[in-house]
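So the structure is just underneath, and the comments pick up after that.
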Amino acid sequence: FKNNNSYNATLAKVLNGDNNANCNENTAACHYLNAIASARSQDDDTTIDNLTKAINLDVSYKSEALLDLEFIKLRKSDEFINLTN
């Protein structure tokens, strides 16, 4: 997984503390994982961008994001509220 940016490789990197990891697959799961990584890096703009991409590909990520503690700091932001309503 060392030089790979697949979902599984990125997940392994994020779980090992690499919040700069970036999944390059154009899937909702990959964009959601990128949102988690950027939220851990406190990059709100990139988090919202990746969440938007994930939700556009799979609307079920709206409810997932509302419950996900990774995004707790964003729950009061207008962008997050508009995105998940």
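In table form, for the structure just shown:
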item	result
The chain: relative contact order in percent, alpha carbon pairs under 8 Å with at least 6 residues between	21 percent
Ranking by accessible area, most exposed first, for V59, V14 with a 1.4 Å probe	V59, V14
Protein accessible area in the chain, 1.4 Å probe - carbon and sulfur %	47 percent
Linear extension gain, T46 paired with D78, 0.36 nm per residue minus alpha-carbon span	10.0 nm
The chain: Lys pairs at Cα distance under 17 angstrom, eight or more positions apart or on different chains	4
Packing-based ranking, highest mean first, of 25-33, 46-54, 72-80 given that Cβ atoms within 10 Å are counted	46-54, 25-33, 72-80
Distance cut-off 13 Å, percentage of C-alpha pairs in region 1-60 lying past it	54 percent
Computed [θ] at 222 nm, helices only, for the chain once each DSSP H run of length n ≥ 4 contributes -39500 (n - 2.57)	-17500 deg cm²/dmol
Rounded accessible area per residue of the chain, 1.4 Å, Å²	62 Å²
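The values are calculated or read from the model by the stated rules, or taken from the named source; none is laboratory data. Predicted model, so just to flag it, every value in this text is computed and none were measured. Every residue, glycine as well, gets a Cβ built from its backbone with ideal geometry; the counts of neighbours run over all protein chains shown. Side chains are part of the model used for accessible areas, which takes the heavy atoms of the whole protein and leaves out ligands, DNA and RNA. Shrake-Rupley method; radii C 1.70, N 1.55, O 1.52, S 1.80 Å.
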